[in-house]
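Only one structure is covered here, and it is reproduced in the block below.
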């Protein structure tokens, strides 16, 4: 005798949506960093906003602050905007009215809207551990997508029997 799945044993669609969104974000971010590191071109951009906040004064190197940057850059006469948030010990003063700062920006020639500050995608700066982290993030996200799909398929076959 086959057991019917009760409504409360099914995966909540809101939870599934949150999981899919989170895994999609991790996958997009990791793939874009690897792609920018391998195929990215570099240009000079202008910072449009900058802020940093101290998170933990006792944190290890490059983990004490959260830095947020907004930037813009031009490719073939067209302007693109970007935004990045990362952990660092970087502590510049915030931008004052009319102040301009430049930043090297890496972008994909065929998708210029995929961009990040160059120091975040440079494999020499990331090191082997950083590149390994992003590769494992890609593989892990794909594995978790596969597990989610398999679980949902099992739920569907149980409820259909």
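For the reader, a short list of remarks on this structure follows.
- Alpha-carbon Rg/Rh ratio, for the stretch 40-121, with Rh computed the Kirkwood way: 1.01
- With the highest mean first, a sort of the peptides 87-96, 66-75, 118-127 on other beta-carbon atoms found within 10 angstrom per residue produces 66-75, 118-127, 87-96.
- Think of it as helices only: each DSSP H run of n ≥ 4 in the chain is worth -39500 (n - 2.57), and spread over all residues that comes to -14500 deg cm²/dmol at 222 nm.
- Förster radius 25 Å - calculated FRET efficiency between residue 129 and residue 38 (Cβ-Cβ, nearest 0.05): 0.90
- Extension gain, residue 11 to residue 66, is 16.3 nm, computed as 0.36 nm per intervening residue step minus the present C-alpha separation.
- Residue order for 159, 61, fewest other beta carbons within 10 angstrom first, comes to 61, 159.
- Taking a quarter of the surface of the Cα convex hull of the chain gives a mean projected area of 14.0 nm².
- Averaging Cα coordinates gives a centre for the stretch 11-51 and one for the stretch 90-126; these two points are 15 Å apart.
- On Cα atoms only, tilt of 123-160 relative to the major axis of the chain in degrees: 20 degrees
- For the chain: relative contact order, % (alpha-carbon pairs under 8 angstrom, 6 or more apart): 28 percent
- Residues residue 139 and residue 18, FRET efficiency given R0 of 22 Å [Cβ-Cβ distance, rounded to 0.05]: 0.55
- Inter-label distance for residue 25 and residue 46, nm, one decimal - labels placed 7 Å from Cα along Cα-to-Cβ: 3.0 nm
- For the pair residue 59 and residue 157, a Förster radius of 35 Å applied to the C-beta separation gives a FRET efficiency near 0.15, rounded to the nearest 0.05.
Each value in this text was obtained by applying a stated rule to the coordinates, not by laboratory testing. Note that this is a predicted model, so its numbers are computed, not measured. Note that we place each Cβ from the backbone using ideal geometry, even for glycine, and neighbour counts take in every protein chain shown.
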